[in-house]
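Let me begin by presenting the structure, written as structure tokens, before commenting on it.
The values are calculated or read from the model by the stated rules, or taken from the named source; none is laboratory data. From a predicted model like this one, the values you see are computed outputs, not experimental measurements. Neighbour counts run over all protein chains shown; Cβ positions are idealised from the backbone, glycine included. These accessible areas exclude ligands, DNA and RNA; they are computed on the full protein's heavy atoms, side chains included. Shrake-Rupley method; radii C 1.70, N 1.55, O 1.52, S 1.80 Å.
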Amino acid sequence: MSTGSTARSLPGSGEERRHLIVAIVNNKPGVLNRVASLMRARNFNIESLAVSVTERSDTSRMTLTIVGDEVHVEQAAKQLYKLIDVLKVQDVTDESIVEHEFALIKVRATKRTRPEIVSVAEMHRSKVVDLGDEAVIVEAVGEPTEIDTLVELLREFGIKELVRTGSVVMSRGSGSIEEQVKR
Amino acid sequence: MTQAGHVPGAGTPAASAAERARRDMLRDARITARDGVRPRIGADALCEAILLQGSDTIWGYPGGVILPLYDVLVDHPELRHILVRHEQAASHAADGYARASGNVGVCLGTSGPGATNLVTGIGTAMLDSVPLVVITGNVPNALIGKDAFQEIDITGITLPMTKHNYLVRSADEIPHVIAEAFHLARSGRPGPVHVDITKDALMGQTTATHPSVAEVEAGLPGYKPKLDGHPRQIKLLAEAIAGAKRPVILAGHGVLIARAERELLELARAAHIPITWTLLGIGVIDETDPLAYGYMGMHGWKHVNRAIQSADLLIGIGMRFDDRVTGNVRTYAPKAKIVHIDIDPAEIGKNVVADLPIVGDAKHVLDALLPLTTKVDPTTRVDYFAELATWRTESEASSWHGSGGFRDGVLSADFVVERVAAGSNFDANLTADVGQNQMWVARYGGFRRANSHLSSGGLGTMGFALPAAMGAAVAVPGKVSWAIAGDGGFQMTLQELATIVQERIPVKIALMDNKKLGMIRQWQEIVYGGNYHSEELAGPDYLKLCEAYGLPAWKVAKPEEVDAAVAAALAADGPALIWFEIAERQNVYPMMPAGKGLSDLIDKWGDDGEDITEGDSGPRVDPTDPQSGGAR
């Protein structure tokens, strides 16, 4: 008996990309810990995570972005779904969705640069929400890549502080992931 | 674990007055009936809830915060509490009870160290999908998070190794949480569920009622195990079977959990397919059945691995293609189409790519498959089965059958296992420990009955055999319960000798003493170039040890003494031990070095022989290769 010439392929293509996972979970203490613990134990790295209560006060919605190949990410989704407090999991990466992120950017400003900063912000559908002597705060909402661009443009003025919420997503059209949760 | 305050000496007037006062307080706490529900405290509700689930045995150890439960146990005499000597044994005993009976095992410990000692048994049950309900006490609500005496974040610790866990702070939650815990433990893919209950919840009054199964299910919208396979996939499976020339069934623990042994045999007979099994699949078929082909994997039979490597269709049922089964996935069954049936969708596509995945319970899927299965005339598979028979004869010739019970002039371990099993006509429950003994039991136990083989397969927990055999003995009193352990594993939990003597649990122990950590020694010989370290293992005089604990024991060093000793141990009323002095340097062969493929088996019989290696690559493996896993 000899080893066959055709090697069996391992699960997964190995082609990594960013995936967006939406999970509807019970709004109970400890559920975030269960999700985070599972992702850690199974070696999935969470790039961003946004959590908030849904239209129903007894459920929360989590939006996770993770990087991996399709089998790796599917495995993450399946393991998540095994948690008793997880009601629904969906990989929405390839669906028709609105994906937005919110950011606050505190930019170093002088009398001279302030008008420039304001105009950069306005060109990017962002607004200035605080004007100080030495800094302004720009508020941005949009796709993560749009925020990336804005951050790059503002970097030349000097960024003192940056906070981003991570992506939240919603499918276009009338479909609702929350309505798909069977009760 | 118990931290008791100063108490008056037993039997003194002060003590009886204190006892009267305490019972009065307990009675007061239980009074105030409402809504027709019997007045009681949380600890009473806990006992009722366990009994309502059909469990009558708790393996436990008391301690400060769990004492309110021990205070009411006397009022629930139907519930048998068995006092172990260490909480780890409580969780293994509950595990053995569950594996042997198919019912949920229940174990109990106090907060802090009592709870952490249970953890190894919880992990063992998790990796092997064993239904357990693990109950721990915790400090009063007000002390949670204050680093109080014997307080630890035990739900944080058990979270990643349980199917689910709970922290219960109020007596009112107890009936529902316990019912839910049992439901989760036993349904779907079973597993351990941990319920941590504060002292306040145990002592608080409650009138909460016990929920029905429907009410429990309604409260779990996120939990819907999928039992039925997809009809289209099942139809495709029937077609694949009809077209296969060299099909092999790989049966795992899921078949036993689903109680689908009969359906499995019907399929094998109808389509004339040999059945092979994983470590935890042992017992899916009577090993003397013509369609029973053998145990697969790292230390499996060479003929079985050969059949798998040459198959054109692998039908995996209730198993997970783990690394001990497949070896290097790239060289695994290169010609085979893989069908994977499992109740857990996360197992499909995790370790191997399934050409035909079917998510569902083994029994449900097989029930749906059988009517679609084309009956195969055995004469069409004559060549295939003739080849399988030849391979089997070759591979069995290199086993103990040729050794006459000797190896290097002393007792051979595989011979001992076979004679121990034969002593009860292969009808006893055999609980293995971990290491070489585990593989000898798997290979030579000659199992004929479902759930008669107990082994820590996934976690590989040394010290498992004695406490788990204790659980099996209590769960199935009609069958002999053997613990077959090496001297390493036995010394990890031998304190339970006191438990089996005190509780009169008739466990028979086969101690396989090679004065070594045998599997460690084997790995150091084969994988680490003979660089032996920490494999020499001294032990006590086990006859004196047994005398001290008060159980009969025999020492056997010659093959011709084995049968008589087994008969004597079986005839002994209650527990007994046989101390087998086996060959010190016997290896388990064949062996697939971790990271290698099923075709790369090392096979060697006789010290003067050379290692016989098949396949493209040699037996030496790189110990620094992370793919290689470890010994034990």
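Given axes a ≥ b ≥ c from the Cα gyration tensor, I'd like to know whether the stretch A:17-94 is rounded (a/c under 1.5), prolate (a/b larger than b/c) or oblate. Intermediate results must be reported in sequence, preceding the final value.
Working: a/c = 1.88, a/b = 1.50, b/c = 1.25.
Prolate shape, in that a/c is at least 1.5 and a/b is the bigger ratio.
Could you provide, to the nearest whole Å², the per residue accessible area of chain B with probe 1.4 Å? Present the calculation step by step, with values, prior to reporting the outcome.
Numbers: 23290 Å² over 632 residues.
Computed with neighbouring chains in place, this is 37 Å² per residue.
With axes computed from alpha carbons, what is the tilt in degrees of helix B:42-52 against the longest principal axis of chain B, rounded to the nearest 10 within 0 to 90?
So the inclination is approximately 40 degrees.
Extent of the stretch B:13-218 along each principal axis, from alpha carbon coordinates, in Å, largest to smallest?
Reported extents, whole Å, longest axis first: 50, 38, 31.
Using only Cα atoms and rounding to the nearest 10 degrees, what angle (0 to 90) does helix B:413-422 make with the longest principal axis of chain B?
Around 70 degrees separate the two axes.
Taking the alpha-carbon distance from B:LYS245 and a cut-off under 28 Å, which lysines remain once sequence neighbours fewer than 8 residues away in the same chain are dropped?
B:LYS235, B:LYS302, B:LYS335, B:LYS337, B:LYS350, B:LYS363, B:LYS375, B:LYS596
At a probe of 1.4 Å, how much accessible area disappears from chains A and B on forming the pair, both sides counted, to the nearest 100 Å²?
Details: alone 11670 and 24610 Å², together 33530 Å².
Interface area, both chains combined: 2800 Å², rounded to the nearest 100.
Per DSSP H run of at least 4 residues, take -39500 (n - 2.57); add these up for the protein assembly as shown, divide by its residues and hand me the 222 nm value, nearest 500 deg cm²/dmol. Display every interim value, and only then the final one.
Working: 28 runs with 276 residues, N = 815.
Computed mean residue ellipticity for the protein assembly as shown: -10000 deg cm²/dmol.
Just to verify a number: what accessible area does B:MET470 come out at with the full protein assembly present, 1.4 Å probe, Å² rounded to tens?
Solvent-accessible area, nearest 10 Å²: 0 Å².
Tell me, what is the 1.4 Å probe accessible area of B:TRP277, in Å² to the nearest 10?
10
Rounding to the nearest 10 and keeping the result within 0 to 90°, find how far the Cα-based axis of helix B:13-30 lies from the longest principal axis of chain B.
80
Average the reciprocal distances over every distinct pair of alpha-carbons in the stretch B:399-581, invert the result, and give the Kirkwood radius in Å.
Numbers: mean 1/r = 0.0615 Å⁻¹.
Averaging 1/r across every pair of different Cα atoms and inverting gives 16.3 Å.
From the gyration tensor of the Cα coordinates in the protein assembly as shown, what semi-axes in whole Å does the equivalent ellipsoid have, largest first, with each one equal to sqrt(5λ)? Could the numbers behind the result be given before it?
Working: eigenvalues 463, 312, 132 Å².
Over the Cα atoms of the protein assembly as shown, the ellipsoid semi-axes are 48, 40, 26 Å.
Restricting to lysine pairs 8 or more places apart or on different chains, what number in chain A have Cα atoms under 27 Å apart?
Qualifying lysine pairs in chain A: 13.
Mind listing the Cα extents of chain B along all three principal axes, in Å, largest one first?
Result for chain B: principal-axis Cα extents of 81, 61, 46 Å.
Starting from the amide H of B:VAL556, placed 1.01 Å from N in the peptide plane, find each other amide H under 5 Å away whose residue is 5 or more places distant or on another chain.
Those qualifying (amide H under 5 Å, at least 5 residues apart or on another chain) are B:TRP579, B:PHE580, B:GLU581.
Please work out the ratio of the alpha-carbon Rg of the stretch B:265-367 to 2.2 N^0.38 Å and round it to two decimals.
Values: Rg = 12.9 Å, N = 103, 2.2 N^0.38 = 12.8 Å.
Dividing the Cα radius of gyration by 2.2 N^0.38 Å gives 1.01.
Rg to Rh ratio, the stretch B:441-498, alpha-carbon atoms and Kirkwood radius?
On the way: Rg = 11.6 Å, Rh = 12.2 Å.
Rounded to two decimals, Rg over Rh is 0.95.
Please give, to one decimal in nm, the separation of the simple spin-label points placed at A:ARG125 and A:LYS28, each 7 Å out from Cα toward the Cβ.
Computed distance between label sites A:ARG125 and A:LYS28 equals 4.0 nm.
Give the accessible area for B:GLU215 in Å² (nearest 10); use a 1.4 Å probe, count only protein heavy atoms, and leave out ligands, DNA and RNA.
100
Report, ordered by chain and residue number, the lysines lying within cross-link reach of B:LYS515, taken as a straight Cα distance under 21 Å and ignoring same-chain residues fewer than 8 apart.
B:LYS515 reaches B:LYS544, B:LYS555, B:LYS558.
Could you tell me whether chain A comes out rounded, prolate or oblate from its Cα gyration tensor? Rule is a ≥ b ≥ c as square roots of the eigenvalues, rounded for a/c under 1.5, then prolate if a/b exceeds b/c, otherwise oblate.
Working: a/c = 2.57, a/b = 1.69, b/c = 1.52.
Because a/c hits 1.5 or more and a/b exceeds b/c, chain A counts as prolate.
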